[in-house]
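None of the figures in this text is laboratory data; all of them are computed from the coordinates on show. Since the structure is predicted, the reported quantities are computational estimates derived from the model, not experimental observations. For neighbour counting, all protein chains shown are included, and Cβ atoms are generated from backbone atoms with ideal geometry for every residue, glycine included.
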Amino acid sequence: MRLRYIELFHAVLSTGSLTGAASLLNISQPAASKALQQAENHLGFALFSRVRGRLQPTQQALLMRHHIDRIMREMYDLQRLSANITRPESHPLRVTCTPTLAQVVVPDAIARLGKVYPGTIVELYTQHSAVMCESLMLRETDIGLTLQDLSHHGLLQQALCHGNIMVVAPPGWWSARELARPLPIGELAGQPMIGITVQDALGNMLQGHLAKIDPAPRTNVWVQTYQLACALVARGGGLALVDPFTARCSKEPLQMRPLKLQLDVTLRAAFRSDNPLNTVQRRFLDYVREFAQGLLAVGAA
């Protein structure tokens, strides 16, 4: 099936008419009608039937739809990739990071970079770790900052700093003496907790450790973000386990203690293996490392 037939088929599926498909493809309606007829003659079966003035896909067309959609997504990705490859060598510093890191560390690093390289244009995007690989591999961004392991054959990773899992609690939950020491995980037994449904390596490991506690913590509320967990904790909802950056950047009135557990949280920088970091990018990561280590050191003091 020729590519122009695939594009027309997808356009008709999207618009429901030949007129709409012709407009989408920037061709005339007679040209779209002729191309559709040629495609059906080539395939040996009809792709659409007219129902109440709209074109409806036939059963044969529906069987092909999933593959057509996939091909068009890959074509779109190819267009994005080729557009980014042809950008000038002096492209801006393009960084993607998780929402938490966009609130702490990264803004300070960008501000410092602007003083040293005032002519540098910075593009900052917030993405969850699951979509960072795609953004980096399509050359839409150059550096990814995350607390997850982005294992990908086309990416290199650099550990910038390590921190502890933090236990956050409502104000007044612990005494000053208790706040001065890490919290053994066994002390979470039977405690009310806010559960976090994040499906990542860190979340899975934490759930594995919590499952070994007897009696198990009492979890009646589950949320999808660490930030929301902090908001509920501050309002007396119980305890929660969060990464150190979320704990530090939260505006909620919280108490926090490191969890006494051999489980580090690692801030990682990821970048393409075929694109060595330039001077500006390396300096930016130096600043991210400096501010991240400083933030965690203040929290540990």
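Using a/c under 1.5 as the rounded threshold, could you call the range 166-262 rounded, prolate or oblate? The axes a ≥ b ≥ c are square roots of the C-alpha gyration tensor eigenvalues, and prolate needs a/b larger than b/c, oblate otherwise.
Values: a/c = 1.36, a/b = 1.10, b/c = 1.24.
Because its axes are fairly even, with a/c under 1.5, the range 166-262 counts as rounded.
A simple charge model with +1 on the Cβ of Lys and Arg, -1 on the Cβ of Asp and Glu and nothing else charged puts the dipole of the chain at about 500 debye relative to its Cα centre. Which shape class, rounded, prolate or oblate, goes with the range 67-179 when its Cα gyration tensor gives a ≥ b ≥ c as root eigenvalues, a/c under 1.5 marks rounded, and past that a/b bigger than b/c marks prolate? Taking the square roots of the gyration eigenvalues as a ≥ b ≥ c, the range 67-179 is oblate.
Of the trypsin sites (Lys or Arg not before Pro) found in the range 149-227, those that fall in a DSSP loop while having at most 10 other beta-carbon atoms within 10 Å are K212. Of L36, L232, L263, which has the largest mean-square fluctuation in a 10 Å C-alpha GNM of the chain? Largest GNM mean-square fluctuation: L36. Considering only V51, M132, A180, the residue lying farthest towards the positive end of the dipole of the chain is V51, judged by Cα position with unit charges set on Cβ. The charge dipole of the range 3-85, taken about its Cα centre with unit charges on the Cβ atoms of Lys, Arg (+1), Asp and Glu (-1) only, comes to about 220 debye.
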